[in-house]
Every structure is written in structure tokens, then in C-alpha cells.
Amino acid sequence: MHISLKSVWMRLFFPARCIACRKVLPGDVYDVCPSCRPKLPFAPQACLSLPYTEACFAPFSYKGSVAAALHRLKFKSKPPYALPLARFMVECLPKDARFDFVTFVPISKKRKKERGFDQAEELARHVAALLYLPLATTLTKTTENKRQSSLPAAQRKGNVIGVYEASSDFCFRPGQRFLLIDDIITTGATLSEAAKTLRLAGAESVTGLAVAKTQQKH
Ligand SMILES: [Zn+2]
């Protein structure tokens, strides 16, 4: 493996930590320490079917150390957690899957300003780099709806209808295949709505990819 001088310096001053227990990792280990790796909550089934998508993938169940890592990424503004999580996301994609762009389910401009970054965009940036694909900002969130996590499952579908618009800055052309990134899938309503918006704008196909799926039944 090629190790650049910059990465050696980064490692010296900002040692990589295990995404689960947060201990400093040995020099040749990335992302998760050997004692935490077997305890990661890998999803029993990584592939889900959601409306408007070809398929949807998530390597983890939303619990334990992965729920904690996502919480740190989202609410404690810890973008360094995005790269290790993105590596697991890419690993769970079928080897023969082909895409033209990586894109993401955005938060609103207002919320991004408050938080300083968009967690799905951070994940998408790393997924795009790992797959050698362009990152495209294709959607904007035009309505500040209630947080999905604050609503019972039955109300979540209605809560997301019409909240996304295709971005006028992106040029949709026939045949484009998108890999659509989000952080967590609960009922799938949010990801489906974003996929629907892309398909209506002209996307040939949309495949979903998230870090984790909650265990909640639809
Ligand atoms: Zn650990």
C-alpha cells in the first residue's frame, strides 16, 4: 500500500480511532479495532427493496456502536467518522453495480447552516471518491418538514411528500444512473421520495445506499 508523507503526518498528529470504542488504532489498522470488528451490527440482509429505486443497500442495523458513530457524525459534527462508514457502505454494494454519479438526500440549507455540514453529503463525498465517480448535487430540500424521527411510522410518508426538488444547477440527461446516499433508513419514505424526485427529473435509475437500517417494521 502506498503511504504518503501527508498521511504519515496526519496519523502522527491526528491518530485514527476505532469508530466503535474510539481507542487509538495501531498503525496498520483502519476504521475498527480487532476486538470491536466482530461485534459490529452487520445487517442480516444488506439489500432492501424501496419504491422508485432499483434496490437499496445498507451494511448495518441501526444499533450499538454504529448508532453511536452515526450520532457522533450527525450531532457532534465529527466528519472524520464519514470515511470509515463510507468504506463499509461501498463494500456492501454488488461488485457488478454501475453508476454514473453519486448523489445524496440533502438536509435543508437552514439546517446545514446550523450544523455546519450535511452528513449525507459527507458520506456521499467519500463514497464517490472510493468509487472514482463524480459527486453531484442533484436535489434541494425546499420545505423544512418535521423530523422523521419525531413522528410515528404511519405519518412519515406524508411528512416527506414534495419536500425535495431537482436542482436547477444539475443537468439531467437521458441514461444517467445515480447512487443516492443517505445516513439512516427507517421506513424508507425519505429515500423513496428523493428517488422519486430524481426519476421525475429524468434519472434512468436510482440505487439507494445508506449506513444503517433501523429494525422498525413498516
Ligand atoms: Zn474498538
Which one of 42, 57, 162 is farthest out on the positive end of the charge dipole of the chain, using unit charges on Cβ (Lys, Arg +1; Asp, Glu -1) and the Cα centre as origin?
-> 42
Antiparallel DSSP beta bridges within the chain, percent to nearest 5 = 30
Those trypsin sites (Lys or Arg not before Pro) from segment 125-218 that are DSSP loop and have at most 12 other Cβ neighbours within 10 Å turn out to be 146, 147, 217
Kirkwood Rh over Cα pairs of segment 37-144 into Stokes-Einstein at 37 °C, 0.692 mPa s: D in µm²/s?
-> 219
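For the chain, what does the helix formula give at 222 nm: sum of -39500 (n - 2.57) over DSSP H segments with n ≥ 4, over the residue count, nearest 500 deg cm²/dmol? Intermediate results must be reported in sequence, preceding the final value.
On the way: 7 runs with 72 residues, N = 218.
My calculation for the chain gives -10000 deg cm²/dmol from helical runs alone.
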Too-long pairs where the Cα-Cα distance tops 25 Å, listed order kept, from 39/196; 39/74; 39/113 = 39/196; 39/113
Reachable aspartates and glutamates from residue 112, Cα under 14 Å, same-chain residues fewer than 8 places away excluded?
-> 121, 122, 144
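Computed over the Cα atoms of segment 70-218, what is the ratio Rg over Rh, Rh following Kirkwood?
Rounded to two decimals, Rg over Rh is 0.93.
Below 8 Å, C-alpha to C-alpha, sequence gap of six or more: please give me the relative contact order for segment 86-201 in percent.
Reported relative contact order: 34 percent.
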Expressed in nanometres to one decimal, the distance between label points 7 Å along Cα→Cβ at residue 161 and residue 87 is 4.3
Kirkwood Rh, angstrom, segment 143-218 [1 / mean 1/r, Cα pairs] | 13.4
If you place +1 on the Cβ of every Lys and Arg, -1 on the Cβ of every Asp and Glu, and leave all else neutral, what size is the dipole of the chain about its Cα centre, to the nearest 20 Debye?
-> 820
The farthest towards the positive end of the charge dipole of segment 112-171, of the residues 128, 153, 142, given +1 on Cβ of Lys and Arg and -1 on Cβ of Asp and Glu, is 153
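FYI, it's all coordinate maths here, none of it is from the lab. Nothing here was measured: the structure is a model prediction, and the numbers come from that model. Note that we place each Cβ from the backbone using ideal geometry, even for glycine, and neighbour counts take in every protein chain shown.
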